[in-house]
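Structure, as structure tokens:
The values are calculated or read from the model by the stated rules, or taken from the named source; none is laboratory data. These figures come from a predicted structure and were not determined experimentally. Here the Cβ is made from the backbone with ideal geometry for all residues, glycine too, and neighbour counts use every protein chain on show. When the accessible area is computed, the model is the full protein with side chains, heavy atoms only, and any ligands, DNA or RNA have been set aside. Shrake-Rupley method; radii C 1.70, N 1.55, O 1.52, S 1.80 Å.
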Amino acid sequence: DGTEPSHMHYENDENYFRGYEWWLMKEAKKRNPKIKMIGLPWTFPGWIGKGENWPYDYPDVTAYYVVSWILGAKQYHDLDIDYIGIWNERAFNSKYIKLLRYTLDKHGLQQVRIIASDRLWEPISFVLLLDSELHGVVDVIGAHYPGTKTVPNALLTKKKLWSSEDYSTFNDEVGAGCWARILNQNYVNGNMTSTIAWNLVASYYEELPFGRCGLMTAQEPWSGHYKVEAPIWITAHTTQFTQPGWSYLQVDGHLKGGGSFVALTDGLGNLTIIIETMTHNHSQCIRPPVLHFSVTPQTATFNLKGSFYMIETLQVWHSRLGFESGNTSLFQQLKPVKVWRGSFSLDLNVDEVYTLTTLRTGQKCGCPEPPQPQPFPSNYKDDFNIRNPPFSEAPNFADQTGVFEYFINASDPGDHVFTLRQVVVQRPITWASDADQTISLIGNFKWVNLTITCDIYIENARDGGVFIAGRVNNGGIYVRRAQGVFFWVFADGTYRVTGDLAGEKILMKGLSGVRDNTWHTLTLNIQGTSASGQLNGYPLWENVTISKPSNGWAAIGTRSFEFAQFDNFHVE
């Protein structure tokens, strides 16, 4: 649902203060110092492939790039990266994985473990069984959206098995049901000892392709409003009463009446049992589809043996997803369960989660109410005049292809010292279908009539170009098909109005007199079915008929992967 800035835009470039991830990792460590940090490349900067859309032709360059990020995390933020992946949901390369291990060790990073291959169980499991050297350097097999199942070859490797990306489901009560079910059943059915949710917090415009597919929602930075959704409290049933390093007990966790349970211990006498009874229709995940199963109310009797036989009471935490009935209850502490001679029974209804634990540390925060939700301001300005910005990118702009960063023009006489600059100048080794143009979205998807004004500066002589746009209707993995009203000016002195980002649907074109390396002001006005454009305050084109889309975001961007600058952005 957007692009993220690399620590190395170019071969000779290193910067460990871009983007929000460093801040996010440090905030996570403040809350739980034991939390694990994992790095996984989605897209690589283009220079790594030396012109090819492939990261493995020069494996030493790719390994250098990845290890630099791990070293930078430690040097600049004192963050220890625990695990590193290969390439998200794309091909792996055995030679590269071995070279990555060698490069990590050479830099004293023996403790960093390797996950492969963040796609499916095969072919990585089969290859690990054939290649003993590769088997020696891969520590974890990570699969994405495994549907709680693994495969025989993965079990034969004797490696740790992880669902290294899962969930990705709209965060209502069905999303909470999905999450409760897979958190348990990934282990019960598939022997997976880690399940990682994509994504942590839905902090991006909701109308992007995976709107609200986070464990909670915080998509209004302008108002400060957020919502702690049900999946957060489902998470708490496991994470408040376990830690990385605890072990699953090897018991059959299928309940007779449907549903599942897992039991974990810290090896020091503590025991945590998590039970879920999610029904089929109330626990659908976005993928893969799950075959029908039935769950009925039941009484479950648990027998504790060995060192756990001595336990006398267990603390109880409970959630019930109410759905249509509306009687939802999330993460409530109930009265402790008495254990008699290692045995206790529990009446289980459907769509419930229980945690029974020897730990007495659970808590449901009494947090202040967040601010009320507000739409994006209908009159919004940014002049980018900030000397020491806390982040590398301007607030509320959502880059969908390319990266737009604060920039200081040391040579400018004064009007445009502080600007926003598009800085990706080579098509990346893409993960998703990035556009051939760069684009950053902003505003309210529901906007219909609007005026956008922005100062623009084309840096590429001859073939450079920039645009401002309104009613933009797509982004994320679908950005290539974005439609809207796009007002382009080019370094060759021409302009165009198009109905799409790709520039194929031309509504108007002509001469503008715009030149590269000089500032111009563009204004785009869209009212009803008509649009008009101004250049430097004078009308350039008018009465262009707009059919669709009927609403969408405002946007800025460039014709290709090229340097260009923007200043004094204003949308009303």
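Selection of segment 381-417 for residues being open to solvent by 30 Å² or more (accessible area, probe 1.4 Å) and outside any loop (DSSP other than H, G, I, E, B) yields LYS381, TYR406, PHE407, ILE408. All of (1) within 19 Å of ILE232 (Cβ to Cβ); (2) in contact with a Ser or Thr (Cβ under 8 Å, 6 or more places away or on another chain); (3) small (Gly, Ala, Ser) hold for SER168 with one exception: (2). Residue count for segment 536-561 satisfying the condition of being in a strand (DSSP E or B) and either in contact with a helix residue (DSSP H, G or I) (Cβ under 7 Å, 6 or more places away or on another chain) or open to solvent by 20 Å² or more (accessible area, probe 1.4 Å) (or both): 6. One residue stands out among those in segment 495-516 that are in a strand (DSSP E or B) and surrounded by 15 or more Cβ atoms within 10 Å (Cβ to Cβ): the one that is farthest from the chain's Cα centre (by Cα), which is MET508.
Residues that are open to solvent by 40 Å² or more (accessible area, probe 1.4 Å), of a type in the set (Phe, Trp, Tyr) and over 16 Å from the mean Cα position of the chain (by Cα) within segment 176-223 comprise just one, TRP222.
Against the list (1) more than 19 Å from TRP42 (Cα to Cα); (2) under 19 Å from the mean Cα position of the chain (by Cα); (3) among the polar types (S, T, N, Q), the condition SER433 fails is (1). Any chance you could count how many residues in segment 116-142 are closer than 17 Å to TYR187 by Cβ and touching a Leu at 6+ places or on another chain (Cβ under 6 Å)? Of the residues in segment 116-142, 1 are closer than 17 Å to TYR187 by Cβ and touching a Leu at 6+ places or on another chain (Cβ under 6 Å).
Only one entry of PRO368, PRO375 meets the criterion of being open to solvent by 80 Å² or more (accessible area, probe 1.4 Å) and at pLDDT below 95, and that entry is PRO368.
Somewhere in segment 262-281, is a residue more than 28 Å from the chain's Cα centre (by Cα), part of a strand (DSSP E or B) and not aliphatic (A, V, I, L, M)? For segment 262-281, residues more than 28 Å from the chain's Cα centre (by Cα), part of a strand (DSSP E or B) and not aliphatic (A, V, I, L, M): present.
Tallying residues that are within 19 Å of the chain's Cα centre (by Cα) and open to solvent by 40 Å² or more (accessible area, probe 1.4 Å) within segment 55-88 yields 1.
Scanning segment 3-18 for residues that are closer than 16 Å to GLN400 by Cβ and either surrounded by fewer than 18 Cβ atoms within 10 Å (Cβ to Cβ) or in the same structural domain as SER392 (by the TED database) (or both) returns a single hit, GLU4.
Of all the listed residues (THR239, THR235), the sole one being under 20 Å from GLN363 (Cβ atoms) and surrounded by fewer than 18 Cβ atoms within 10 Å (Cβ to Cβ) is THR239. Look through segment 352-365, keep the residues that are surrounded by fewer than 13 Cβ atoms within 10 Å (Cβ to Cβ) and of a type outside the set (A, V, I, L, M, F, W, C), and return whichever of them is nearest to the chain's Cα centre (by Cα). Out of the qualifying residues, it is GLN363.
Taking each residue of segment 533-544 that is outside the structural domain of PHE467 (by the TED database) and looking for partners that are open to solvent by 40 Å² or more (accessible area, probe 1.4 Å) and modelled with pLDDT under 95 with beta-carbon atoms closer than 8 Å, six or more apart or interchain, yields nothing. Scanning segment 517-534 for residues that are within 30 Å of SER411 (Cβ to Cβ) and buried (at least 19 other Cβ atoms within 10 Å of the Cβ) returns LEU522, THR523, LEU524, GLY533. Among the residues making up segment 297-351, those that are without any contact (Cβ under 8 Å) to a residue 60 or more places away in the chain, open to solvent by 70 Å² or more (accessible area, probe 1.4 Å) and outside any strand (DSSP E or B) are PRO297, LYS305, SER307, TYR309, MET310, GLU312, GLU324, SER325, ASN327, ARG341. Could we say that ALA154 is outside the structural domain of GLY49 (by the TED database), open to solvent by less than 30 Å² (accessible area, probe 1.4 Å) and in a helix (DSSP H, G or I) here? When the stated conditions are applied, ALA154 does not pass them.
Please verify whether segment 21-41 includes one or more residues that are under 25 Å from ARG101 (Cα atoms), of a type in the set (Phe, Trp, Tyr) and crowded, with 18+ Cβ neighbours inside 10 Å. Steps first, please.
We begin by selecting, within segment 21-41, every residue under 25 Å from ARG101 (Cα atoms); these are 21-22, 25, 34-41.
Subset that is of a type in the set (Phe, Trp, Tyr): 22.
In the following step, the residues that additionally are crowded, with 18+ Cβ neighbours inside 10 Å were identified as 22.
Within segment 21-41, one or more residues are under 25 Å from ARG101 (Cα atoms), of a type in the set (Phe, Trp, Tyr) and crowded, with 18+ Cβ neighbours inside 10 Å.
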